[in-house]
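Written out below as structure tokens is the structure these notes cover.
Readers should treat all values here as calculations from the given coordinates under stated rules, not as data from a laboratory. These numbers come from a predicted model, not from an experiment. All Cβ positions, even for glycine, are placed from backbone atoms using ideal geometry, and neighbour counts span all protein chains on display.
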Amino acid sequence: MAWTVVPNLDEARDQLNRRFPDRDTRSDGSIGDTSHQRYPSSHNPDRTGRPEYRDGDQLDEVRARDFDADLHDPGGVTMEQVVQLWVTLARSGALWWVRYIIYQGRIWHRRHNFATRAYTGSNRHTTHCHVNSDFTQAADTVRRTDWQLDQLAGTAPVRPAPGPPVAFPLPSGYYFGPRSGGDRSVSGYYRRKFGDRTDRHWLGVWTTQLVRRGWPAGKGKRYLRTAGADGLYGPEYRELIKAFQADQGLTRDGLLGRKTWDAAYRNPVT
């Protein structure tokens with residue numbers, strides 16, 4: 001079977017290669033392997049869309065490309081910055097042919113105006129960025145696209161998260177969550193003690209760390225607007241935790257366990 005990648009995605013690859021000549025390409029990909037062929041995937045050639053023709057042969061089209069996350073850029077540009085640039089351009093309409101982007105357990109899809117959402121597929125796309133072109137004839141044929149990589153300049157060194165690290169205060173398998181969640185779900189409503197402090201205190205400690213990182217949390221702010229950081233797990237805390245998990249590429253369950261706690265202290269602030 002003859003196939004081709006839609007031109008705009010090949011141009012993205014070529015422009016990445018020019019901008020980052022030393023980048024790793026081992027996780028680059030286009031047409032899917034045999035495992036992809038067992039289920040619908042944009043890495044599979046699309047036999048229902050408009051075919052390309054080359055030298056008289058029909059070429060079915062692949063509408064997805066993967067780009068290795070290791071750019072090896074001496075100026076410090078990262079794939080995260082490339083992704084955020086392309087998300088911004090897609091949201092503005094400059095890259096109108098982009099349907100969605102997946103990277104580090106997150107997806108930015110047109111149907112959600114390219115807002116950050118947790119990706120629930122089995123492949124979290126941690127070693128590469130996946131870009132999907134639209135399923136339209138116009139998107140299939142667009143050429144001379146500018147992926148605007150010249151906007152990316154070298155960056156300052158990544159700084160560690162502000163504030164001294166605080167160890168997760170709950171026993172293994174416990175988490176901060178609703179009071180209906182059983183013994184392992186610590187809600188703050190029963191003034192349980194862990195170490196020499198109450199559960200309400202510890203939930204407030206984690207909230208303070210997010211505020212240090214620049215998150216608008218507290219009374220009248222974007223998160224915890226009504227009750228503030230009262231240490232009582234409820235809908236407002238669930239919203240804050242889920243938003244932070246989405247930002248960090250973690251499972252977006254709204255429960256504050258060890259991984260989500262540690263991410264607030266250990267993951268860098270750019």
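Charge dipole (Cα centre; +1 on Lys/Arg Cβ, -1 on Asp/Glu Cβ; no other charges) of segment 175-266 amounts to roughly 120 debye.
Can you tell me, using C-alpha contacts under 8 Å and at least 6 residues apart, the relative contact order of segment 175-266 as a whole percent? Provide the component values of the computation, followed by the final result.
Details: 126 pairs, mean separation 24.2, N = 92.
Relative CO of segment 175-266 lands at 26 percent.
How high is the FRET efficiency between ARG197 and ASN267 when r is their beta carbon distance and R₀ equals 25 Å, given to the nearest 0.05? Don't skip to the answer; put the middle values down first.
Details: r = 24 Å, r/R0 = 0.95.
That pair, ARG197 with ASN267, gives E of 0.55.
Projecting the Cα atoms of GLY220, PHE194, GLY234 onto the charge dipole of segment 175-266, computed from C-beta unit charges around the Cα centre, puts GLY220 farthest toward the positive end. Descending by average beta-carbon neighbour count within 10 Å, the peptides 195-204, 79-88 line up as 79-88, 195-204, the highest first. Segment 98-122 and segment 200-259 have Cα centres separated by 22 Å. A simple spin-label model places pseudo-atoms 7 Å from Cα toward Cβ; at ALA138 and ALA227 they are separated by 4.7 nm.
Within segment 161-179, name every residue whose backbone N is under 11 Å away from a label modeled 7 Å from Cα of GLU80 along the Cβ vector. Correct set: 161.
Taking the simple approach of a point 7 Å from Cα along Cα-to-Cβ for both TRP96 and LYS259, what is their distance in nm? Taking the two extended label points, one gets 3.9 nm.
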